[in-house]
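The values are calculated or read from the model by the stated rules, or taken from the named source; none is laboratory data. These numbers were taken from a predicted model, which means no experiment stands behind them. In this analysis, Cβ positions are derived from the backbone assuming ideal geometry, glycine residues included, and neighbour counts consider all displayed protein chains.
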Amino acid sequence: MASSEASLLYEGKAKRVFKTKIPDQVLVHFKNDVTAFNSKKHAELKFKGSLNCQISAFIFKFLEENDIPTHFLNIQDDCWMLAQKVDVIPLEIVVRNIATGSLCKETPLKSGEELPKPLIDLYYKDDALDDPLLTDARLDLLGLVSSSQKMEIKSVALKVNSCLKDLFKKIDLLLVDFKLEMGLNRKGQLLVADEISPDTCRIWDINVQNQDDRILDKDRFRKDLGGVMDAYSEVWRRLNKSI
């Protein structure tokens, strides 16, 4: 699907967003770019955009079926998604079920340790500041969301987590943690936006014990493990199998 550069609204690390003839709708193009460490590490992987678009569409539809509103409207092509236009809230909402990554660097928790309950971390979405973790006091200071919006964001994040954990468990996958972005549509409704894919989730194969071999997400790229597209393809294969 072609789209003119003149209609480009926004380009990020992994996606480009274009205007459409309908003011409250946008076309989202999933790129083959893969980045890590705030773009300090970068590569292009064939079919990555298509896989992430298909996986995200599947998950968005699944969330909608479970009464969680998203920006997703439909798939336009293998790497193009039609979505509601939203004013994105500049927060990265990270939900953690298992300790790993930055949580283990910042706390005494050991990698692989199951958390007693899901942990929600909110980060200020700003590449220039390296997306810093926000305390409630700093969130209030910045005035990014109201108290009621903060409660709604956390409530929706926990609902998404519960739905995805159940979905992944049925296909022998463990949802370790994941990042969400949310935004408000023209009616002021809070929607899950951006994407939900192996780029934004940590996903482990329940049946594999080796700490590296079980990884089916972007950590394979971060850690130079190889097999990134094989891992993404396996996630997509299992999701299709779950239908």
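Does Leu141 qualify as being more than 30 Å from Glu114 (Cβ to Cβ) and not in a strand (DSSP E or B)?
For Leu141, the condition - more than 30 Å from Glu114 (Cβ to Cβ) and not in a strand (DSSP E or B) - is met.
What are the residues in the stretch 136-163 that are touching a residue at least 24 places away in the same chain (Cβ under 8 Å) and small (Gly, Ala, Ser), if any?
Of everything in the stretch 136-163, just one residue is touching a residue at least 24 places away in the same chain (Cβ under 8 Å) and small (Gly, Ala, Ser), namely Ala157.
Can you work out which of the residues in the stretch 91-112 that are out of contact with any Leu (no Cβ under 7 Å at 6 or more places or on another chain) and small (Gly, Ala, Ser) is farthest from Leu175 (Cα to Cα)?
In this case the residue turns out to be Ser102.
Could you count how many residues in the stretch 190-213 are in a loop (DSSP other than H, G, I, E, B), touching a residue at least 40 places away in the same chain (Cβ under 8 Å) and at negative phi?
So the count comes out to 6.
For Asp121, are the conditions met, namely being part of a loop (DSSP other than H, G, I, E, B), in contact with a strand residue (DSSP E or B) (Cβ under 6 Å, 6 or more places away or on another chain) and not small (Gly, Ala, Ser)?
Numbers: part of a loop (DSSP other than H, G, I, E, B): no; in contact with a strand residue (DSSP E or B) (Cβ under 6 Å, 6 or more places away or on another chain): yes; not small (Gly, Ala, Ser): yes.
Taking the combined requirement at face value, the residue does not satisfy it.
Report every pair of residues separated by at least 6 positions or lying on different chains whose Cβ atoms are under 7 Å apart, first residue within the stretch 102-113 and touching a residue at least 24 places away in the same chain (Cβ under 8 Å) and outside the structural domain of Asn38 (by TED's automatic domain parsing), second of a type in the set (Val, Ile, Thr) and not in a loop (DSSP other than H, G, I, E, B).
Gly112/Ile98
In the list Asp166, Asp177, which residue meets the criterion of being over 30 Å from Pro23 (Cα atoms), modelled with pLDDT of 95 or more and within 14 Å of the chain's Cα centre (by Cα)?
Asp177
Among (1) in a helix (DSSP H, G or I); (2) touching a Ser or Thr at 6+ places or on another chain (Cβ under 6 Å), which single condition is Leu167 missing?
All conditions are met except number (2).
Among the residues of the stretch 189-216 satisfying the criterion of being of a type in the set (Asp, Glu) and surrounded by fewer than 23 Cβ atoms within 10 Å (Cβ to Cβ), which is nearest to Gln84 (Cα to Cα)?
Asp205
Does the stretch 78-97 contain at least one residue that is free of Cβ contacts under 8 Å to residues at least 24 places away in the same chain and part of a loop (DSSP other than H, G, I, E, B)? Working first, answer last.
Pass one, the stretch 78-97, residues free of Cβ contacts under 8 Å to residues at least 24 places away in the same chain: none.
No: zero hits.
From the list Lys13, Lys48, which residue is at pLDDT 95 or above, within 16 Å of Cys79 (Cβ to Cβ) and either in contact with a Gly (Cβ under 6 Å, 6 or more places away or on another chain) or not hydroxyl-bearing (Ser, Thr, Tyr) (or both)?
The match here is Lys48.
Return the residues of the stretch 24-74 that are in contact with a Ser or Thr (Cβ under 7 Å, 6 or more places away or on another chain) and farther than 20 Å from Met182 by Cα; say none if nothing qualifies.
Lys41, His42, Leu51
Just to be sure I understand, how many residues within the stretch 2-56 are acidic (Asp, Glu) and more than 18 Å from Tyr232 (Cβ to Cβ)?
Here the count works out to 3.
Pick from Lys110, Lys117, Lys169, Lys165: which is surrounded by 14 or more Cβ atoms within 10 Å (Cβ to Cβ) and out of contact with any Pro (no Cβ under 7 Å at 6 or more places or on another chain)?
Lys165
Of all residues in the stretch 13-44, how many are touching a residue at least 24 places away in the same chain (Cβ under 8 Å) and either part of a strand (DSSP E or B) or over 18 Å from the mean Cα position of the chain (by Cα) (or both)?
Total satisfying the criteria: 14.
Among the residues of the stretch 86-107, write down those that are surrounded by fewer than 18 Cβ atoms within 10 Å (Cβ to Cβ) and of a type outside the set (Ser, Thr, Tyr).
Asp87, Val88, Pro90, Gly101, Cys104, Lys105, Glu106
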